[in-house]
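One structure below.
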Amino acid sequence: MRARRHPDTRLCIPLVAAVVLSCQSTSAPRRFDVVRRLPHDTAAYTQGLVYAGGQLYESTGRLGRSEVRKVDLLTGGVTAAASLAPDRFGEGLALLDGRLFQLTWKSGVGYVYDAATLARTDSFSYAGEGWGLTTDGISLIMSDGTATLRFLDPSSFEILAALTVRDGGSPLTQLNELEYVKGQIYANVYQSDWIVRIDARTGEVREWIDLAGLLPRKDRTRATDVLNGIAHDAASGHFLVTGKLWPTMFELRLHQAPGDSGSRHAGDRDP
């Protein structure tokens, strides 16, 4: 999602802040280690991030600048790209069965690409806004700025199920970029430095992860925007995170939370 453009931003930020303060008072944030700092394109308004088979894919936003890209992880350089029409604002990205699925913000349309060539092969429609996108290996999982996550059939794009995300019994909105890992959905909370870990079965928030200060002040400019972008490296178990127009992508090792078994859903497979 884009910064400072959503019509409900002024209403939602106090709610997010209140939830964060509540979280801080009841449980310590999960700790992490920074494994590597990698270059990131400061022109990339990051909306979606996927890492699979040694290849990094990125969806970028803004009208007239939205793309789906292949990115060299070590250099941050774009090795291939497909642009959206000037009136399309790119959003979340997911990879499933050799196909990339990309949402748009307000156009009500998503696009399907061949992951090898970035050739567009299909499109699909949906109601409401498009924010984040991920997959459990079977369905696409989509956020739209509300507390509801939609599970979509990747062939027909019909809604298979809907899940309300709750923290302490209260619905949690502003869920943005998503990443599914072994029965858990990690989500950026828009316009904050927090990532939440959500039980994909129940919708309950299991953990708040505080990434405040991840990008040092000295590396920020007036153009630097909010945290957004989560990708999981299945081989190492590490996460790649960045932000909109950030100069750096961070490889993180998250410390296992108490009682976190990391069990998969029945039928889960790697996308």
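Just want the ordering: GLU158, GLU207, GLU179, from fewest to most Cβ atoms lying within 10 Å of their own Cβ.
Fewest-to-most Cβ neighbours within 10 Å comes out as GLU158, GLU207, GLU179.
Suppose the chain between ASP87 and THR42 were pulled fully straight at 0.36 nm per residue; how much longer would it get relative to their current alpha carbon spacing? The partial results should precede the final answer.
Working: separation 45, 0.36 × 45 = 16.20 nm, distance 2.18 nm.
Residue separation times 0.36 nm, minus the Cα-Cα distance, leaves 14.0 nm.
By definition, a body whose alpha carbon gyration tensor gives a ≥ b ≥ c is rounded when a/c is under 1.5, and the stretch 9-254 falls into this rounded group.
An oblate overall shape is assigned to the stretch 36-120, the ratio a/c of its alpha-carbon gyration tensor axes (a ≥ b ≥ c) being 1.5 or greater and a/b not exceeding b/c.
Taking the number of Cβ atoms within 10 Å of each Cβ as an exposure proxy, the fewest-first ranking of VAL196, VAL109, VAL50 is VAL109, VAL196, VAL50.
Treating only the Cβ of Lys, Arg, Asp and Glu as charged (+1, +1, -1, -1), what charge dipole size does the stretch 9-254 show about its Cα centre? Round to the nearest 20 debye. Display every interim value, and only then the final one.
Values: 25 positive and 27 negative charges, 136 e Å.
Dipole size: approximately 660 debye.
The fewest-to-most ranking of THR146, THR224, THR134, THR60 by surrounding Cβ atoms within 10 Å reads THR224, THR146, THR60, THR134. For a test of the definition: using alpha carbon positions, the gyration tensor, and the 1.5 limit on a/c, classify the stretch 116-271 as rounded, prolate or oblate. Taking the square roots of the gyration eigenvalues as a ≥ b ≥ c, the stretch 116-271 is rounded.
A short reminder: the numbers here are calculations on the coordinates, not readings from a lab. Because the structure is a prediction, the values reported are computed rather than measured. Neighbour counts run over all protein chains shown; Cβ positions are idealised from the backbone, glycine included.
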